[in-house]
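Okay, structure first, notes after.
Each value in this text was obtained by applying a stated rule to the coordinates, not by laboratory testing. Here the structure is a predicted model, which is why all the values come from computation and not from measurement. As a convention, Cβ positions derive from the backbone with ideal geometry for all residues, glycine included, and neighbour counts pool all protein chains shown.
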Amino acid sequence: MFNRIGVLAFHGDVIEHIETTKNASKNLHLDIEVVPVRAKDIIHTLDALIIPGGESTTLHKLCEREGMWEGMKKIKNIFGTCAGAIMLAKVVHHKTADQKTLELMDIEIDRNAYGKQTESFEKNIQISLGNINAVFIRAPKIKKVGKDLEILARIKKEIVACEQRIGDSYYLATCFHPELTSTVFHEYFIKQVYRI
Ligand code: GLN
């Protein structure tokens, strides 16, 4: 079987996501091709897409410029980290006037909710998927989730990771950067994508 996962590769932690996805698939003994995505012609060949953190306004503009926007909405499995989570959200607080998101996930998210870049932090969290050191870089906060969403991680009361299944689509969002510290979330995502 042909397995291919793409990583949106305009800016942000592209290399880290590619490496972490490769390591996660190795850990799961799966043969997955992990490819950078910068153009629309590759989109229909993907089983899943990972949208890295970075700057959601920039990601939106570059995806529009490359004519990828509508195609991205049709990808069945998407994992968004930080700015990537913003890209997935139906409702975004503090977005710029011309900023658009894919509006695929039933979440309400607040951009830059912890403050400036200097307010970035790391935190060890214990969740059902395991222990992970979560790195928050000018992160958003998930303010609200729809009733059919599953919450995967919280810090105190704040939701910092969640997932949604709609029909045969699957979306996963984290406010932090799991690609920097562990393969746990990437392994989990791969398992959902290939239903293993
Ligand atoms: N502040 C960024 C945004 O609004 C997200 C930061 C990140 O991805 N680390 O898009």
Percent relative contact order of segment 36-192, based on C-alpha pairs within less than 8 angstrom and at least six residues apart?
21 percent
Give me Rg/Rg_expected for segment 148-196, where Rg uses Cα atoms only and Rg_expected = 2.2 N^0.38 Å with N residues.
1.17
So if I restrict to the alpha-carbon atoms in segment 63-110, what is the Rg, and what is Dmax, the biggest pairwise distance, in Å?
10.5, 28
Over the chain, equivalent-ellipsoid semi-axes from the Cα gyration tensor in Å:
22, 20, 16
Peptides ranked, highest mean first, by Cβ atoms within 10 Å: ranges 30-39, 166-175:
166-175, 30-39
Give me Rg/Rg_expected for segment 23-67, where Rg uses Cα atoms only and Rg_expected = 2.2 N^0.38 Å with N residues.
1.40
The chain: calculated mean residue ellipticity at 222 nm from DSSP helix runs of at least 4, using -39500 (n - 2.57)
-6500 deg cm²/dmol
Kirkwood hydrodynamic radius of segment 94-171, Cα pairs, Å
14.0 Å
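Given a Förster distance of 30 angstrom, what is the FRET efficiency for Glu64 paired with Gln126, based on the Cβ-Cβ distance and rounded to 0.05?
0.15
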Among DSSP beta bridges lying fully in the chain, give the percent that are antiparallel, nearest 5.
55 percent
Spread of Cα-to-Cα distances over 10 Å intervals beginning at zero, given as percent, for segment 1-84
19, 55, 24, 3
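Using a Förster distance of 45 Å, how high is the FRET efficiency between Ile155 and Asp41, based on the Cβ-Cβ distance and rounded to 0.05?
It comes out at approximately 0.70.
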Could I have the simple spin-label model distance between Lys144 and Lys191, label points 7 Å from Cα toward Cβ, reported in nm to one decimal?
3.2 nm
